[in-house]
Amino acid sequence: MSKEPVAVVGVGQTKHVAARHDVSIAGLVREAAQRALEDAELTWADIDAVVIGKAPDFFEGVMMPELYLADALGAVGKPMLRVHTAGSVGGSTALVASNLVAARVHRTVLTLAFEKQSESNAMWGLSLPVPFTQPLLAGAGGFFAPHVRAYMRRTGAPDTVGSLVAYKDRRNALKNPYAHLHEHDITLEKVQASPMLWDPIRYSETCPSSDGACAMVLTDRAGAARSPRPAAWVHGGAMRSEPTLFAGKDFVSPQAGKDCAADVYRQAGIADPRREIDAVEMYVPFSWYEPMWLENLGFAAEGEGWKLTEAGVTELDGDLPVNPSGGVLSTNPIGASGMIRFAEAALQVRGLAGEHQVAGARKALGHAYGGGSQFFAMWLVGAEPPAR
């Protein structure tokens with residue numbers, strides 16, 4: 001029996017900010033879920049199951065919060081599933097929800113991811129000792145900076161590329177009312193003059209710490225037919241993982257990322273992602289990961305990713321817009337960051353992305369990664385249902 005086609009008919013986000021002192025975690029997630037239901041023109045009664053995800057519980061200090069969020073998400077008496085795959089969890093959560101619809105386990109599923117970083121300190125939560133290494137890092141940037149240096153050394157990329165990505169994404173964020181950082185006075189010179197945190201990563205080339213939630217309503221073909229607004233159809237989705245450390249691991253371009261992208265393209269019938277995909281929402285917490293992932297995901301040959309960035313190809317009006325929403329560099333509620341990538345890709349092909357809409361977008365890729373470049377989740381959505 002063939003899989004049931006899966007459609008995104010509702011998307012909801014909170015306004016992402018540094019601290020939402022006005023709501024609890026329950027209030028935060030309900031806000032995003034309510035907006036997704038309103039977008040889909042559905043009610044809580046129309047939802048068959050809820051799939052929720054977030055990053056490690058010690059980020060807020062509330063263990064297994066899904067147990068007390070069922071009421072806020074209309075899930076009392078309904079199946080509710082928690083997903084966790086570190087920073088990629090938002091993407092993985094959406095894929096689990098999608099698979100439930102594709103397998104005809106449920107017809108309409110609410111999926112949601114969140115983080116309320118203001119209630120803890122994620123930077124020091126991420127400063128964990130790594131076996132067999134000196135405890136010299138502070139936060140995720142300290143872990144990833146050497147991988148960026150390795151990329152620069154491997155490809156000969158000039159040290160200005162990271163600032164170009166940050167400048168682009170922060171300008172894109174000004175067109176997104178839900179983005180956390182709205183730096184109206186941003187200039188390339190300001191990015192390049194910002195303090196060096198983890199060489200070669202500067203302060204303005206790093207993601208913020210955000211409170212926020214993102215939700216989507218996924219449904220089957222019949223549900224999409226009843227939807228009054230355009231749907232985004234899932235053409236392919238996959239997850240892959242690999243260990244954080246192993247002999248021969250390529251931290252610059254992990255094999256799990258390549259395998260995950262290849263599987264998604266195979267499912268979606270994509271032979272040339274550079275030409276066939278109209279927009280990319282890519283998980284870029286530090287600016288240099290744009291050129292690195294362009295290569296890892298097959299949009300550029302090895303050593304050529306930075307040249308696409310430098311040539312303006314990834315600008316909002318470029319040949320391959322990357323992170324038209326402003327990306328993780330502008331909004332980072334860690335548990336939700338991956339789902340925002342998936343949701344923003346869906347908005348693009350629905351034609352509902354507002355000021356950051358890519359003209360004529362028919363196919364878009366949502367991408368998330370987590371841990372020590374070990375967890376990957378991706379989906380490709382289209383404006384039309386997938387071929388039977």
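The values are calculated or read from the model by the stated rules, or taken from the named source; none is laboratory data. Quantities reported herein were computed from a predicted structural model and do not represent experimental measurements. Every residue, glycine as well, gets a Cβ built from its backbone with ideal geometry; the counts of neighbours run over all protein chains shown. Heads up: the accessible areas ignore ligands, DNA and RNA and are worked out on the full protein's heavy atoms, side chains in. Shrake-Rupley method; radii C 1.70, N 1.55, O 1.52, S 1.80 Å.
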field: Within segment 244-276, considering residues that are in contact with a Lys or Arg (Cβ under 7 Å, 6 or more places away or on another chain) and surrounded by fewer than 17 Cβ atoms within 10 Å (Cβ to Cβ), the one nearest to L347 (Cα to Cα)
entry: E276
message: Let me spell it out: the conditions are (1) hydroxyl-bearing (S, T, Y); (2) modelled with pLDDT of 95 or more; (3) farther than 17 Å from R350 by Cα, and S227 meets all of them except one. Which number is the exception?
response: (3)
statement: Residues of segment 325-372 being free of Cβ contacts under 8 Å to residues at least 40 places away in the same chain and of a type in the set (S, T, N, Q), in sequence order, are Q357
task: Tell me the helices (runs of 4 or more DSSP H) entirely within segment 283-388 that contain at least 3 residues that are under 30 Å from L110 (Cβ atoms) and at pLDDT 95 or above.
output: 334-350
- prompt: Quick one: in segment 43-62, which of the residues that are in a loop (DSSP other than H, G, I, E, B) and open to solvent by 50 Å² or more (accessible area, probe 1.4 Å) is modelled with the lowest pLDDT?
  reply: G61
field: Odd one out for G305, checked against (1) closer than 23 Å to H147 by Cβ; (2) touching a Lys or Arg at 6+ places or on another chain (Cβ under 9 Å); (3) buried (at least 21 other Cβ atoms within 10 Å of the Cβ); (4) small (G, A, S)
entry: (2)
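It is to be established whether one or more residues within segment 32-42 are in a helix (DSSP H, G or I), touching a Gly at 6+ places or on another chain (Cβ under 8 Å), charged (D, E, K, R) and touching a residue at least 60 places away in the same chain (Cβ under 8 Å). Before you say what the answer is, go through the steps one by one.
Residues of segment 32-42 in a helix (DSSP H, G or I): 32-40.
Then keep just the ones that are touching a Gly at 6+ places or on another chain (Cβ under 8 Å); that gives 32-40.
Still in the running and charged (D, E, K, R): 35, 38-39.
Narrowing further to those that are touching a residue at least 60 places away in the same chain (Cβ under 8 Å): 35, 39.
Yes - at least one qualifying residue is present in segment 32-42.
Between P146, P65, which is modelled with pLDDT of 90 or more and open to solvent by less than 70 Å² (accessible area, probe 1.4 Å)? Step through it out loud before you land on a result.
Details: P146 fails: open to solvent by less than 70 Å² (accessible area, probe 1.4 Å).
When all the criteria are applied, what remains is P65.
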query: So how many residues does segment 70-124 have that are assigned to a helix (DSSP H, G or I), closer than 18 Å to D46 by Cβ and open to solvent by 20 Å² or more (accessible area, probe 1.4 Å)?
result: 1
